[in-house]
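Accompanying notes for the structure given below.
The values are calculated or read from the model by the stated rules, or taken from the named source; none is laboratory data. Here the structure is a predicted model, which means the values were calculated and not measured. Quick reminder, even Gly has a Cβ in these numbers, built from the backbone with ideal geometry, and neighbours come from all protein chains shown.
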Amino acid sequence: MSCSRGAAEPTSHTAKRLFAASAGYCQNPACRLPLFAQTESNHVLIGEIAHICAAQDGGPRAIPSLSQAERGSFDNLILLCANCHTKVDRASADYPDEMILRWKRDQQLTLEKLFGAVVLPTREDVRAAIRPLLRVNRILHEEYSPNLSYREDPESGLAMDWKRLMREKIIPSNRKLLAILDVNQSHLTSNEERLLELFRQHVYDLEARHILKAPANAQRRFPTEINYILGVDSPGDA
């Protein structure tokens, strides 16, 4: 999924954001191909980072006035399968930047609706919406966390259960939490907004480790204060 374009190359943080925003599917609405292909022995990543406006002058949909940083920014990138990436670049006249940006926006709206991310009237309503998600994640972590005694045996049954639950339960729950909190940021204090960003980085790192198979050495720890966000005892300056 790499993209080597010098200063226009996305950072690892941007790459994580792109994968999270795609939910693991090509962002071309006419395609929606899963970005991991199952073989007999492995899952193969077939997603590619595509520039909406070209990384280099003269490329597809190039805007020469854009800086290198702007060309490599999240707003100028989209995650596509290899086939769609090839099509949008080789037939760029058929795929203007406005169209590709609309694909990305529509994907975000679709995910927000899927995750039930709606604007709620009060802090209490937002807290009620996220409390079940936090509770399930906390229980799963208490029961299956790799911090338990089997952590030295990554091939044990419980360790494999933890990996499966991470992909099937915890990561999707985290994405729903982020979606609900993002659309209700008006209810957050400034400290809670900072806490939300710390949680976001934790989620991105979990996805990078358990989906993209990135090394775990730089993974950000779960900010435990998120369990109390929007609550009576919430950390912050309400």
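Structure notes:
- Taking first residues from segment 175-199 that are assigned to a helix (DSSP H, G or I) and partners that are small (Gly, Ala, Ser), the Cβ contacts under 6 Å between residues at least 6 apart in sequence or on separate chains come to Ala179/Ala117; Ile180/Ala117; Ile180/Ala129; Val183/Ala117; Asn191/Gly236; Glu192/Gly236.
- Note on segment 52-84: residues that are more than 17 Å from Thr11 (Cα to Cα), in contact with a strand residue (DSSP E or B) (Cβ under 7 Å, 6 or more places away or on another chain) and surrounded by 21 or more Cβ atoms within 10 Å (Cβ to Cβ) total 2.
- Condition check for Arg194: more than 17 Å from Arg135 (Cα to Cα), among the basic types (Lys, Arg) and modelled with pLDDT of 80 or more: yes
- Among the residues making up segment 101-113, a single one is out of contact with any strand residue (DSSP E or B) (no Cβ under 9 Å at 6 or more places or on another chain), surrounded by 13 or more Cβ atoms within 10 Å (Cβ to Cβ) and among the aliphatic types (A, V, I, L, M): Leu111.
- Some residue of segment 152-166 being at pLDDT 85 or above and in contact with a helix residue (DSSP H, G or I) (Cβ under 8 Å, 6 or more places away or on another chain): yes
- Being without any contact (Cβ under 8 Å) to a residue 12 or more places away in the chain, surrounded by fewer than 20 Cβ atoms within 10 Å (Cβ to Cβ) and at negative phi is true of Glu40.
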